[in-house]
Structures are given as structure tokens and as C-alpha cells.
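**Student:** Got a structure for you, questions after.
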Amino acid sequence: MTSKNSEARAGFPTFSYAGVPKGQKYEAWREEFCRRFCQLDVEPGTAERIECTVEVTKIGSLSFGAAQGTSGSFLRTPDLLSDGCDDLVLVTAVTGDILTVQRGRTVELRPTQACLMSLDDVAECGLSQGARFTALRIPRRELVGICGEAEDKLSKPLAGSLRIREIVADYFALCAAKAASLDALGQHTMARHMTELVGLLLRTDVNEAMPALQDGYAAARLQLIQTQMLKRLSDGNLTIHSLARLVGLSPKQIQRLFGATNFTFSEFLLEQRLLSAHRQLSAAGARGDKISAIAYDVGFGDLSYFNRSFRSRFGMTPSEWRNAQPAQ
């Protein structure tokens, strides 16, 4: 049975096939989606059957993809090389073991491990037993422009630290979930940040400290840090020290990142909590919620402090703001 679904899951259009690798439906899926859209061929893995789901979307100059299933291998075959594409692809194992083959090297990736592959040479990446991997495709000139050593890392397990790999994976997920809703400039910016983070991964050996903050990397890291803060607004114990441990930076590095903005860490956290409370108090469906419950929900542990801060920010108390909203 074959299905092709253009609806998005977490920002991705999805395409699935389950069945024997022959017949009209299979050949259509193989030609239209795999060969033309992804510039890859596909064949069964260990079984005489393909069962896989592929999710892929384009953001700026990058392609974000994910594949999962029980049987299937994606290949860059000799006849496909005539398209002249020389993009680089960061393959990361998410669940299960992922096998990659290129340049006579076979690399078995375990969850969170990654390797860099190139589309200008024959290659294979296989799925089995419910495994899942992500593939980030980047124009060669863009990644080499950021990390001149990129081509030296091809077809080898990347030795970047686990913390940086986690940051790359988190930003990959953020792009997939949010970038499609941005305008062209926003997508270009996120794509640039994503490429810079991959460059950081390639330049950092497992035994090396994280490189000094640079403008490009700083912008990407700051956006990731702010995203983590937004996810944890309700945590009244969130501090710069606890967040630093979470993202693998020092408090001083986070302070320097915020130094390029109009907010300190504490000011940004307060502003986002107030904006979240403001939205809840404006919602018609939350009219019955206690103001104290809303304050605690967005991370305020002191109701008096919440009331003072809200009035300072919006010119009226929380109860005055709610009462001023039109009945719906």
C-alpha cells in the first residue's frame, strides 16, 4: 500500500510508502518524490519490502528532512550524480542505529551521533527496525564558507560534543516547527543560524572547549536560549544559572549574548511573563480564571510583585485590564 500525504507534521510535508518495491504506485513514488524531489534513489533494506515515511521541507537555502521506518535505503547513485548537485548533508541518528556508506567508509550511527555526507559522490543511508534519522542539506559553498574544514569531516563520525549536538538538534526542530510561518527574511535568517550551528559542531572536537562567541553563532544561540526560556516561563525557579546548565554555556556567556539586545536576561524573562499574562487576561475563555492562578502559571511567585510589574508595563492593574476588555 502506498500513501502520499502533503499535510504537515511539525512543519514537515510527509510522504510514505509501505509495500513491495515494484508496481506503478511504487515507481511513481520513487520517481516523483525520491529521484526528482530529493535527488535520491531508494531500495529495500534487509527485507524485500519498503516501509518508510519521509518528511521534508525547504527553509531558505536549506532542506530539512527526517526519515523513519523498518526497511529502506536511500542512495545517491552514479546516474544521479549527473545533476551536478554537491550539497553537503548532516545525517543524525534519532532512534535506532543508522548505517551510512560513502567513500569506502561505513559509519554506524547511534542515537544523537552524526556524520557529514556529500551529494557529489555515491552514498547510502539505511533504515531498519523502526529507526529514525534527520538529514539537513546545506549548499556546500555556504557551509565551507563558515567552516573551511568541513570537507575534511566527510564520511566520518563527528566528534563534536554531545551538548553541541543537542543544540543543533533543538534548533533543527525549532526551524521545522516555526520557520514555515515566517516571511522570506525570517526563513533566511533561521537558515543562516542553522548553518552557523552546524559549522560550530564541525569545528569543535569532543575534547575541545566551545569556541569563543562569534556574531553569527551568538545570534543562533541567543534565539535558542530565548526559546528555552519561553518553554519554561511557568518555572518560578528558572534562573540564569539553571538555564546555563541546560544549554551548556556559562552565565557570563549568556549575559554577553543578551548584551547585544535591549534586554538583560532578567528583563527578557519578566517581559515574556508579563506578555503571557496579558494574553491570558485578554482571552474571553479565561474570564473565569483567577488572576492569582494566571500569575503563578506564567512563573510569578509573588502576587504583589506581579501586580506592580503589570501596572508598570501596561498602565493598569491586571483586574483593571481584564474589566476593560469588551464582552464577547
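**Student:** In sequence order, what are the phi-derived ³J(HN,Hα) couplings for region 49-61 according to the Karplus relation 6.51 cos²θ - 1.76 cosθ + 1.60 with θ = phi - 60°, rounded to whole Hz, with x for glycine and proline?
**Tutor:** Those phi angles translate into 7, 10, 9, 7, 10, 10, 10, 8, 8, 10, 10, x, 8 Hz.
**Student:** Only Lys, Arg, Asp and Glu count, each charged at its Cβ (+1, +1, -1, -1), so figure out the dipole size of the chain about its Cα centre, rounded to 20 debye.
**Tutor:** I would put it at about 1120 debye.
**Student:** Then there is this: Please turn the phi angles of region 137-152 into ³J(HN,Hα) values with the Karplus equation 6.51 cos²θ - 1.76 cosθ + 1.60 (θ = phi - 60°), one per residue in order, whole Hz, x for glycine and proline.
**Tutor:** Going residue by residue, I get 9, 10, x, 3, 4, 6, 6, 5, x, 8, 10, x, 8, 3, 5, 6 Hz, with x marking Gly and Pro.
**Student:** Right, something else. In whole Å and largest first, what semi-axes does the C-alpha gyration tensor of region 123-208 yield when each eigenvalue is scaled by 5 and square-rooted?
**Tutor:** Value: 21, 18, 14 Å, ordered largest first.
**Student:** Over region 47-167, what is the mean sequence separation of C-alpha contacts under 8 Å (at least six apart), divided by residue count, expressed as relative contact order in percent? Don't skip to the end; give the middle numbers.
**Tutor:** Values: 276 pairs, mean separation 36.7, N = 121.
After rounding, I find 30 percent.
**Student:** With a cut-off of 8 Å between alpha carbons and a minimum separation of six or more residues, what is the relative contact order of region 222-328 in percent?
**Tutor:** Relative contact order, region 222-328: 26 percent.
**Student:** Now a separate question. Report, by chain and number, residues whose modeled amide H sits under 5 Å from the one on A131, excluding near sequence neighbours (fewer than 5 apart, same chain).
**Tutor:** Correct list: G69.
**Student:** Applying the Karplus parametrisation 6.51 cos²θ - 1.76 cosθ + 1.60 with θ = phi - 60° to the phi angles of region 271-276, what ³J(HN,Hα) value in whole Hz is obtained for each residue in order, glycine and proline being reported as x?
**Tutor:** So the Karplus estimates, Gly and Pro as x, are 4, 5, 5, 5, 5, 5 Hz.
**Student:** Can you give the accessible area per residue of the chain, in Å², using a 1.4 Å probe?
**Tutor:** Normalised by residue count, the accessible surface of the chain is 49 Å².
**Student:** Using Cα pairs closer than 8 Å and at least 6 residues apart in sequence, work out the relative contact order for the chain, in percent.
**Tutor:** Once divided by the residue count of the chain, the mean separation gives 12 percent.
**Student:** Ignoring everything except DSSP H segments at least 4 long, calculate the 222 nm mean residue ellipticity for the chain; use -39,500 (n - 2.57) per segment, divide by total residues, nearest 500.
**Tutor:** That calculation yields -12000 deg cm²/dmol at 222 nm.
**Student:** Hey, any idea what % of the chain's accessible area is carbon plus sulfur with a 1.4 Å probe?
**Tutor:** 51
**Student:** Given a Förster distance of 22 Å, report the FRET efficiency between E267 and Q325 from their Cβ-Cβ distance, rounded to the nearest 0.05.
**Tutor:** Step by step, r from the Cβ atoms, then E = 0.25.
**Student:** In the set (1) 0.95; (2) 1.06; (3) 0.98, which value of Rg/Rh (Cα atoms, Kirkwood Rh) was calculated from the structure you see?
**Tutor:** (2)
**Student:** Something else now. Heavy atoms only, 1.4 Å probe, whole protein assembly: order E142, E320, E196 by accessible area, highest first.
**Tutor:** Order by accessible area, largest first: E320, E142, E196.
The values are calculated or read from the model by the stated rules, or taken from the named source; none is laboratory data. Bear in mind that the values here come from a model prediction, so they are computed numbers and not experimental data. In this analysis, Cβ positions are derived from the backbone assuming ideal geometry, glycine residues included, and neighbour counts consider all displayed protein chains. Areas reflect the complete protein model, heavy atoms only, side chains present, ligands, DNA and RNA absent. Shrake-Rupley method; radii C 1.70, N 1.55, O 1.52, S 1.80 Å.
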